[in-house]
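The structure appears right after this line, and notes come after that.
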Amino acid sequence: MPAYPDIGLYIGGAWRKTRDTLPVLNPATEQVLGTVPVATRADLDDALAAAAEGFRVWSRTPPAKRAEVMLKAAALMRERIDAIGHTITVEHGKPYEAGRLEVIRGCEFFEWDAGEAVRCYGRVIPSAPGIRYIVHHQPIGTVAAFSPWNFPMSQPARKVAGAIASGCSIILKAAEETPGGAVHIVQAFHDAGLPPGVLNLVFGVPAEISEYLIPRDPVRMVAFTGSTSVGKWLTERAARVMKPALMELGGHAPVIVCDDVDPVLSAQVSAVRKARNSGQVCTSPTRFFVMEDLYERFTSAFVEKAKSIRIGDGLDPATQMGPVANHRRIEALEAMVADGRARGAKVLTGGERVGNRGYFFPVTVLAQAPDDCMAMTVEPFGPLAIINPVRSLEEAIEKANALPFGLAAYAFTHDARNADRLTDAIECGNLSINTLEASVAETPFGGVKESGHGREGGAEGLHHYMVVKNVSHRMDIQ
Ligand code: NAD
């Protein structure tokens with residue numbers, strides 16, 4: 001069994017420890033895996049100075065060379081997939097196979113952005129004789145990035161890939177709950193020969209670190225994935241110093257099940273997807289709006305599948321769904337179930353913590369829940385699905401759009417007219433039809449409304465880490 005990595009800060013190309021530390025827990029056993037160092041102000045000052053030097057070197061490094069280092073680091077991570085997958089499973093709880101898949105997904109982000117690094121084309125604007133207008137895309141500078149705990153490796157991978165591919169340096173504060181995934185990324189880049197200072201990793205008290213870093217030089221941009229409330233707080237701090245913010249925030253994904261699909265198959269696919277990452281995904285399918293003719297069959301097939309999902313320690317090969325991240329998530333989920341029940345919703349399966357050691361919570365289904373109950377309006381961020389009947393596509397669209405979120409949305413239909421209407425009407429950044437996969441490396445991912453702004457991945461991703469500079473060049477002085 002691979003050992004849990006030794007967690008350090010990585011500043012200016014070297015690992016370091018600190019006096020103060022926080023424990024890292026395995027959510028399946030509640031046992032301590034190790035400790036995460038808490039950065040002091042002096043550590044953060046060192047990271048800022050290192051990132052300034054890193055940017056000086058890296059922004060002048062040819063894009064093809066940047067891509068070469070990124071591809072080498074990704075290849076190392078692929079070689080180390082068993083060790084990284086194990087780290088992800090013990091610190092986050094997800095099944096080991098899911099941890100390994102996360103490593104592949106993270107590597108795909110690096111590989112895609114490495115390819116994009118050499119394709120950040122500018123533009124030559126048609127002009128009069130004797131003058132040229134040329135538009136350049138240049139790296140913005142140092143990025144202060146904050147990644148969450150739900151995907152310990154692929155979440156930091158998104159930010160690191162975007163920053164490094166575009167020629168920026170980055171100070172990453174990864175999640176203290178799951179620091180190991182980021183440590184593996186940094187070690188792979190270290191081994192691949194990334195110059196010192198380009199990638200720096202810190203941990204500590206999140207609000208203190210972000211408040212300290214955001215206004216300071218050489219930080220030029222803030223990137224965050226996490227809750228909408230923290231995203232707003234960070235955006236406010238960035239706005240005070242006029243720095244752009246890339247925000248991937250919360251969702252509450254609707255799933256519209258039209259009356260032309262197989263209700264059993266779509267329900268089974270949905271229940272399995274709901275269990276992914278124990279529902280702790282910003283794109284997790286949550287509010288199901290099912291045409292009333294299919295409602296009973298869809299709901300009973302969903303519940304049957306949900307009951308069959310085996311919960312346990314991610315290291316047990318039989319486990320299909322691991323624990324949730326911590327006791328706070330259990331409390332939040334139980335409060336949503338209690339509120340729903342009190343307001344007339346039926347709890348068709350689940351609803352309570354499983355056991356009293358490890359943070360296990362089963363796939364839970366609420367049916368006929370009022371539109372304004374807590375589960376229908378607050379992101380559950382756990383394995384909770386609400387299944388409600390609707391009478392028409394227009395009613396489903398209205399309910400889907402009723403919340404301030406707009407990240408992922410899904411539909412099951414084989415009717416091109418339904419798909420066309422949904423494409424026009426659903427307020428979201430990512431609509432998936434007949435699949436519950438919301439994002440892959442080659443597609444742009446991000447939200448509308450309070451789910452954030454900016455995109456990661458796709459051809460759009462790197463542009464958020466770059467600034468546009470227009471050069472007007474007259475041949476003769478005039
Ligand atoms: P939280 O909002 O306190 O923390 C979420 C993440 O943000 C953590 O990794 C934390 O370290 C970081 N964070 C918190 N305050 C910060 C600050 N001031 N500056 C910088 N980083 C900060 O919530 P939580 O209880 O840990 O997680 C539950 C909620 O977080 C969920 O309701 C969900 O909406 C959200 N979340 C979203 C995603 C996502 O992918 N969009 C991922 C994880 C958590």
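Key figures
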| item | result |
| --- | --- |
| Filtered residues of region 327-337 (kept if more than 14 Å from the ligand (Cβ to nearest atom) and touching a helix residue (DSSP H, G or I) at 6+ places or on another chain (Cβ under 9 Å)) | VAL337 |
| Residue match in region 410-425 (condition: at negative phi, assigned to a loop (DSSP other than H, G, I, E, B) and of a type in the set (Phe, Trp, Tyr)) | no |
| Any chance GLY115 is assigned to a helix (DSSP H, G or I), assigned by TED's automatic domain parsing to the domain that holds ARG100, more than 14 Å from the ligand (Cβ to nearest atom) and on the phi < 0 side of the Ramachandran plot | yes |
| Residue in region 223-233 that is farthest from the ligand (Cβ to nearest atom), counting only those that are surrounded by fewer than 24 Cβ atoms within 10 Å (Cβ to Cβ) and more than 7 Å from LEU249 (Cα to Cα) | LYS232 |
| Members of region 333-354 found to be surrounded by 18 or more Cβ atoms within 10 Å (Cβ to Cβ) and assigned to a helix (DSSP H, G or I), listed by number | LEU333, MET336, VAL337, ASP339, GLY340 |
| Count - residues of region 407-425 that are surrounded by 21 or more Cβ atoms within 10 Å (Cβ to Cβ) and closer than 30 Å to GLY106 by Cβ | 6 |
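Okay, residues lined up against (1) away from the ligand (no atom under 16 Å from the Cβ); (2) open to solvent by less than 10 Å² (accessible area, probe 1.4 Å); (3) outside any loop (DSSP other than H, G, I, E, B); (4) farther than 25 Å from PRO215 by Cα:
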residue: LEU101; (1), (2), (3), (4): yes, no, yes, yes
residue: CYS107; (1), (2), (3), (4): yes, yes, yes, yes
residue: ARG119; (1), (2), (3), (4): yes, no, no, yes
residue: ILE134; (1), (2), (3), (4): yes, no, yes, yes
residue: HIS137; (1), (2), (3), (4): yes, no, yes, no
residue: VAL143; (1), (2), (3), (4): no, yes, yes, no
residue: VAL160; (1), (2), (3), (4): no, yes, yes, no
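Residues checked against (1) at pLDDT below 95; (2) within 16 Å of the ligand (Cβ to nearest atom); (3) not basic (Lys, Arg):
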| site | (1), (2), (3) |
| --- | --- |
| ALA238 | no, yes, yes |
| PRO263 | no, no, yes |
| LYS274 | no, yes, no |
| GLY279 | no, yes, yes |
| THR299 | no, no, yes |
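The values are calculated or read from the model by the stated rules, or taken from the named source; none is laboratory data. Not measured: the values here are computed from a predicted model. Positions of Cβ are generated from backbone atoms using ideal geometry, with glycine treated the same way; all protein chains shown enter the neighbour counts. Side chains are part of the model used for accessible areas, which takes the heavy atoms of the whole protein and leaves out ligands, DNA and RNA. Shrake-Rupley method; radii C 1.70, N 1.55, O 1.52, S 1.80 Å.
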